[in-house]
Amino acid sequence: MSDRSGQARSLVVLSPLRSGVTAAGESFAYSARRLLQGLPQGTGSPFASVPDTYMARWYLLDDVRYQGGAREDHLNNRYLALLVQHYGPTDRWLDNLWQYAQSTLQALYTHAWGFDQVRSAEGWRHYIERCRVPTGYFFNGSNDEPLMTQLKALYLRQQFTAFVMQHQGLPDTQLQAAFVAWAAEHQPDNLTAPTWQPGADTLHEATAVQADHAPTAQPAGGRTDDGD
Amino acid sequence: MSNIAGKAYAMNVVTPLKPGQRWLARLIHWLAGTRLLRSKLLGLRTLSLIHYAGWAILPRRRWPRLDSAQPSENLHYDYYLFFSNFNGSWEQYVDSFSSAIPAGLDLMWWRNVGYPGSVPRNPFHAYIEHNQFWTHHYYSAYPLATSNDVKAACRLRPALCELASRADRLSAQEFGQRYRTLLTEQQEHLGLVAESPVVSLAHQAVVERRRVEQTEPAVPPAQESGS
Amino acid sequence: MTVIDLHDVQGNLVKPYGRYGYPLARYGFLRIRSGDAARHWLQAVLPHVTTGAPWPDRRAQQYGAAPPLPEATLNLAFSAAGLKAIGVPEKSLDALPEEFRLGMRGRCDLLGDDGPSAPEHWDPIWQGPAVHVWVSINARSEAALQRQTAWLQDSLEATDGGVELLTGHRGPGDDCWQEAGALTEQGRVVPREHFGFVDGISDPYFEGCGQPPEHVIGEGKPQRGGNPRDASGWAPLATGEFVLGYPDEADEYPLSALPQILTRNGTFLVYRKLHQNVASWRRYMSEMGRNFPGGADALAASMAGRWPNGAPLSECPDQASADAFMAELERLREARRLATEPAEKARLDKAYACQQQRLKAFNYADDLAGGRCPVGAHIRRTNPRGALEYGQEGAFRTPAALTDRRRLLRRGLPYGSSPPETTDADEHGIILMVLNASIKRQFEFVQQKWINYGNDFRLGNERDPLVGNQPLDDAEVPGQPGGHYKIPGGAQPPWFCARLPRFVETRGGDYFFLPSLSALHMLAAGNVDPT
């Protein structure tokens, strides 16, 4: 049983949705789904502002499927599934989610049983603990660097490959000068900037400057051996 | 609703486990993390289509129940929750599993009710499709990158940092030599990415959705809460 | 062992006619105005459709020991709209795959047909309502081509407008036909295309295809533990990858319609007219080739994976070895022709066949990093052989598990001419025809994932340098072409080609079903009954 693969972590949460209807007369599942559909994508996603989020998703498990010729199972609740793959301790990640996406969480999880008591990051962590499903086997086909390292590396690879193409065949003296200037501009060691913006799905958007974006203001996290 | 975030596709598959198989499945999961079974998963790694994937087991009596007013579940089977973040199209992913690593796949799934085996391909396709749940909100930190891109970039960066840290202190000739050594050693990691090419006609739906979003900004969640 | 009724499949499925001495071709497209007229017409031409029945080899012909080959061939295929127009019931059509029913135009986003390749720029014949029937004539001589054309046009005129030959190929002549033909040098037919490469060297080898068994080397599927240079390294692909009605590589039958006899012994045919920007190609090769080690031909070879003379980069690292390789092949061919003594002739036949197999007998297992044949080279992208296992012996069920289901039978010929003073605007290119059991899983996949994308080769968004749809604008310098290509250097730094333009543009095409003779007979009789 493992929720981790190196420093990469897997979080699987099934939150049962409340029975009955909302004040607007909609089923909780319908209302939650409508809310999810309205969330902005990419750089606007609530997850984009949470440091060290590799990938994350929400989906609604409204029933289990009948396999035919077997015993017929059906769920008595709808579940909101949250699946996250992130870097570093899960508690830290959950705290950050609460900090950066609190309004979305409140709007969404109001539809779920047991969330009405949640008032703080600690309460949120406790709530998640009650809904969490352990990951049996977590396969990491990528790597487990901090997200900021990954994003900076992607930025650099793009910039450096372009540099190599533009300076092919240059004499060493000019090549050296050009590379020194390149390194000064792109700062390979500086994880904060310039880099790719998390969640960007065009090259233009990836390098667009967004000063007020949260992750760049966050510490990198560093490698820690936590016990979660 | 979208299973697609740039080059990543989100897959969710929920399937019943045959009675009494939970512990064996757990054992296999545990072994998968050890040397004993790691060679079985060499194929999964070599496919290199996957960012992250995982299997979770939900025993039939242990579905989260948070309130005494919440109905309890009454199920015959334990359930398997599979998730994956992969690159390329659904068909490519499912086909690759079926043709390249059928044994590894069967090892993970053969204790599932109704699992047809990964070969022939069409019943396997139908099984996955039947048990797949669509994602409502999907986020990737790097929609422009595949797992291969992330790995290559992370291998390249330390070499760049190293050369950059001393580039201005070397003689031109020495620099040239080191630069060429870097290119030679890192050549498989060099490359350019761009937006994902169209991999399925679902792409049109994604484009259309973006267009609608841009013309009609989403209502802030706080105002929309229904309760 | 699968046995195909070669008398029931159409000839182009098992025979690349060009290799059998048919250097000239014409392709035409028909529209059915009356189902009855179309059925009568089909009844009339059916006896003339060329089948896959084995042809005696050319030498037996010369000595008069065998019946003569036809002077010209005839083959027919139907689009989804064409099958409907000739009277196939909806229920039968419903079982046919979605991509076939949508046609090439409907799939243009997936195929990367954008910019100058977008459907609105295709030839006029593709701008009207869907074409119904694809007709192809291959001929041994100009006279035979004219005779066959005249006969076919007479047969169409007899339908009184019930079946119409469409115009709009944007070529020379009366515009009713897309002309194509092998290029010639000093009056001699050469198997080259306009960029100067010898083409049509390799074609997948499948069970029951009727080709000599030694062709499995380099043309079948790679086998674990075998030697790629001999038959131990290869096995025939499953018949069902190319012919409907037989088991495929996933141990099942490919799709079939109702009734099954409608699709059995048939297959899907992709017709695609590809314009070649020959002047741009020559300019790029000469400019870039000035700096590239080995010069322009070496650069061209690095993009194709073969030297222009056909010698594979995997076998021949430089021009000298490529020339020597092909000179030896030519020497053996000539010696074999002149030999009279039977034992000597048999020896030379064997030596020649052996040398010819070396053109294909490699699998990249000893060149994973692409130091000899670049990972992104055209022939390596379109048929990666065992390369996608990345040297992780045993990772996959078979070394080419990711390739075996993506193989394509290629047919086709160049069209137009490309003299030294040619421009990009001149009408020249290649008529590509692909035969496969699943257009989506085979042709479209290769086009989408291997030609216009690079992730499977760990090459980011890099595209096929020869035929990929390179970005029209460079990300840094708009207005400049934006393609790029990495040539691994082995123990040296890699070489990058930047600002790569699109050398190939789509000018039109569609998806067709190539029925068996039995199915053609059913169509002609109007008795396709799905229930």
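Extending each Cα 7 Å along its Cβ direction at B:GLN173 and B:SER68, get the distance between those two points in nm, one decimal.
Here the modelled spin labels are 8.7 nm apart.
Where in the range C:445-486 does the amide nitrogen come within less than 13 Å of the point 7 Å from the Cα of C:LEU102, taken along Cα to Cβ?
C:445, C:448
Please give the solvent-accessible surface of C:GLU157 in Å², to the nearest 10, using a probe radius of 1.4 Å with every protein chain present.
140
A:SER27's amide H: which non-local residues (gap 5+, or another chain) put their own amide H closer than 5 Å, with H modeled 1.01 Å from N in plane and none for Pro or chain starts?
A:THR22
Bin width 10 Å, alpha-carbon pairs only: give the P(r) of the protein assembly as shown as whole percents, running from 0 to the bin holding the largest distance.
Histogramming the protein assembly as shown at 10 Å steps yields 2, 10, 19, 22, 20, 14, 9, 3, 1, 0 percent.
What average number of partner chain Cβ atoms lie no more than 10 Å from the Cβ of the residues making up A:64-77?
What the average comes to for A:64-77 is 6.
Under the rule a/c < 1.5 gives rounded, and otherwise a/b versus b/c splits prolate from oblate, where does chain C land using the Cα gyration tensor?
rounded
Taking both sides together, what accessible area is buried at the A/B interface, probe 1.4 Å, expressed in Å² and rounded to the nearest 100?
Adding both sides of the contact gives about 9400 Å².
Compare B:THR181, B:THR135, B:THR15 in a GNM of chain B, Cα atoms joined below 10 Å, and give the one with the largest fluctuation.
Highest fluctuation of the listed residues: B:THR181.
Which parts of the range B:28-63, residue by residue, lose 40 Å² or more of accessible area when the rest of the protein chains are there, as against the chain isolated (1.4 Å probe)?
With the partner chains in place, the range B:28-63 has these residues losing at least 40 Å²: B:HIS29, B:LEU42, B:ARG45, B:THR46, B:TYR52, B:ALA53, B:TRP55, B:ALA56, B:TRP63.
Indicate the gyration tensor shape class of chain A (rounded, prolate or oblate), computed on the Cα atoms with a ≥ b ≥ c the square roots of the eigenvalues: a/c under 1.5 is rounded; otherwise a/b larger than b/c is prolate and the rest oblate.
Verdict is prolate for chain A.
Could you work out, residue by residue across C:488-494, how many beta carbons of other chains sit within 10 Å of that residue's beta carbon, and then give the average as an integer?
Average per residue, whole number: 5.
Compare the peptides A:139-152, B:154-167 by average per-residue count of other Cβ atoms within 10 angstrom and give them in order, highest first.
Highest mean packing first, the order is A:139-152, B:154-167.
Just tell me which lysines come within less than 25 Å, Cα to Cα, of B:LYS40; anything on the same chain fewer than 8 places away is out.
Output for B:LYS40: B:LYS18, B:LYS151, C:LYS221.
Mind giving me the FRET efficiency for C:SER417 and C:LYS91? R0 is 41 Å, r the Cβ-Cβ distance, nearest 0.05 is fine.
0.30
Helix-only estimate, please: 222 nm mean residue ellipticity of chain C, summing -39500 (n - 2.57) across DSSP H runs of length 4 or more and dividing by its residues, to the nearest 500.
Values: 14 runs with 132 residues, N = 531.
Taking each H run of at least 4 residues, the total per residue is -7000 deg cm²/dmol.
Please work out whether the range A:1-109 counts as rounded, prolate or oblate from its C-alpha gyration tensor, where a ≥ b ≥ c are the square roots of the eigenvalues and a/c under 1.5 means rounded, while otherwise a/b larger than b/c means prolate and anything else oblate? Don't skip to the end; give the middle numbers.
Numbers: a/c = 2.39, a/b = 1.29, b/c = 1.85.
Here the range A:1-109 falls in the oblate category.
Specify, per residue and in Å³, the volume enclosed by the convex hull of the alpha carbon atoms belonging to the range A:147-217.
87
Over the heavy atoms of C:ASP114, what accessible area does a 1.4 Å probe trace out, to the nearest 10 Å²?
Surface accessible to solvent at C:ASP114 totals approximately 70 Å².
Between the helical axis of A:28-38 and the dominant principal axis of chain A, each derived from Cα atoms, what acute angle in degrees is found, rounded to the nearest 10?
Rounded to the nearest ten degrees, it is 20.
So, for chain A, what is the accessible surface per residue at a probe of 1.4 Å, expressed in square angstrom?
Result: 37 Å² of accessible area for each residue.
Ranked highest first by average number of other Cβ atoms within 10 Å, how do C:364-370, B:29-35 line up? Walk me through the numbers on the way to the answer.
On the way: C:364-370: 18.1, B:29-35: 15.3.
In decreasing order of mean packing, C:364-370, B:29-35 become C:364-370, B:29-35.
Averaged across B:4-12, how many Cβ atoms of other chains sit within 10 Å of each residue's Cβ atom?
Neighbouring Cβ atoms belonging to other protein chains average 4 per residue here.
Under a point spin-label approximation (7 Å from Cα along Cα-to-Cβ), what is the B:SER39-C:ASP114 distance to one decimal in nm?
4.6
For the protein assembly as shown, which whole percent of the accessible surface, found with a 1.4 angstrom probe, sits on carbon and sulfur atoms?
52
Which value in deg cm²/dmol, rounded to the nearest 500, describes the helix-derived mean residue ellipticity at 222 nm for chain A, given -39,500 (n - 2.57) per DSSP H run of n ≥ 4 and division by the residue count?
Computed ellipticity for chain A at 222 nm equals -12000 deg cm²/dmol.
Ignoring ligands, DNA and RNA, what accessible area per residue does the range C:146-276 give at 1.4 Å, in Å²?
41
Residues of the range B:147-189: accessible area per residue at 1.4 Å, in Å²?
Heavy-atom SASA per residue in the range B:147-189 reads 47 Å².
What's the percent breakdown of Cα-Cα distances in the range B:1-94 across 10 Å bins, shortest bin first?
Going out from 0 Å in 10 Å bins, the range B:1-94 shows 14, 34, 33, 17, 3 percent.
If you build a Gaussian network model of chain A, linking Cα atoms that sit under 10 Å apart, which residue out of A:GLY38, A:GLY169, A:GLY88 swings the most?
Per the Cα network of chain A with a 10 Å cutoff, A:GLY169 tops the list.
Chain pair C, B: how much accessible area is buried, both chains summed, with a 1.4 Å probe, in Å² to 100? Kindly include the intermediate steps, with their values, before the conclusion.
Numbers: alone 22190 and 15260 Å², together 34240 Å².
Buried: approximately 3200 Å² between B and C.
Normalized C-alpha radius of gyration of the range C:236-375, against 2.2 N^0.38 Å?
On the way: Rg = 21.2 Å, N = 140, 2.2 N^0.38 = 14.4 Å.
Its radius of gyration relative to the 2.2 N^0.38 Å reference: 1.48.
Distance in nm between label sites at C:ALA351 and A:GLU122, each 7 Å beyond Cα in the beta-carbon direction?
About 9.0 nm separates the two model spin labels.
Using helices alone, I'd like the mean residue ellipticity at 222 nm for chain B: each DSSP H run of four-plus residues gives -39500 (n - 2.57), total over residue count, nearest 500.
Working: 10 runs with 104 residues, N = 227.
Computed ellipticity for chain B at 222 nm equals -13500 deg cm²/dmol.
I'd like the residues of the range A:97-116 whose 1.4 Å-probe accessible area shrinks by no less than 50 Å² going from the isolated chain to the full set of protein chains.
A:TRP113
Among B:81-88, C:274-281, how do they line up by average Cβ neighbours within 10 Å per residue, starting with the highest?
B:81-88, C:274-281
How far, in degrees from 0 to 90, does helix B:147-166 lean away from the longest principal axis of the Cα atoms of chain B, to the nearest 10?
Once rounded, the angle reads 30 degrees.
Find the Cα radius of gyration of chain B, compare it with 2.2 N^0.38 Å by division, and give the number to two decimals. Could you put the intermediate results ahead of the total?
On the way: Rg = 22.9 Å, N = 227, 2.2 N^0.38 = 17.3 Å.
Relative to the rule-of-thumb radius for its length, chain B sits at 1.32.
The values are calculated or read from the model by the stated rules, or taken from the named source; none is laboratory data. None of the values given here were measured: they were computed from a predicted structure. For neighbour counting, all protein chains shown are included, and Cβ atoms are generated from backbone atoms with ideal geometry for every residue, glycine included. Protein only, heavy atoms only, side chains kept; ligands, DNA and RNA dropped before computing areas. Shrake-Rupley method; radii C 1.70, N 1.55, O 1.52, S 1.80 Å.
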